[in-house]
Structure formats: structure tokens, C-alpha cells
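**Q** Take this structure first; my questions come after.
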Amino acid sequence: MEVEGVEEWEVERILNKQKTRGVVKYLMQWKGFTVKYDTWEKEKDLGNAKEAIAKFEGRMNAEVR
């Protein structure tokens with residue numbers, strides 16, 4: 001997928017979240033790629049994945065209830 005002239009991977013879904021030393025990271029599953037290519041990405045670097053983050057946070061909040 002290309003965004004503003006830069007090629008980016010499309011998010012399939014977010015699998016997990018961690019916070020280390022105040023830095024939030026999400027474990028990303030990329031569309032069209034196997035689990036081998038899942039990566040931890042800093043929240044600040046995921047500006048184009050706001051919808052996927054919102055879905056993930058919604059799922060996590062529902063599980064806590």
C-alpha cells in the first residue's frame with residue numbers, strides 16, 4: 001500500500017501491546033504476510049493505523065469487563 005508516496009505495509013490486526021520505559025509498542029500482524037513477519041512497532045510510528053489501534057483497544061477493554 002502506498003501512502004503519500006511512501007510504501008507501507010497494511011495492518012491485518014494488532015495482536016498485543018506492551019509498555020517499556022514509557023514507550024508503548026504494538027505487535028503488528030501485516031496483511032498478506034505470515035507470522036514470521038509480525039513486528040513490534042512504537043505507537044508514535046503508527047500514525048496511519050489509528051483504526052486498527054482503536055479496534056485493538058476496544059477488544060482489550062471488552063475482555064477486561
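Read-outs throughout are calculated quantities, based only on the coordinates presented, and are distinct from any laboratory measurement. For clarity, every value in this text was computed on a predicted model and none was experimentally measured.
**Q** So what's the angle, to the nearest 10 degrees on a 0 to 90 scale, between helix 50-64 and the longest Cα principal axis of the chain?
**A** 20 degrees
**Q** Still on this model: Where the convex hull is taken over the Cα atoms of the chain, what is its projected area averaged over directions, in nm²?
**A** 5.0 nm²
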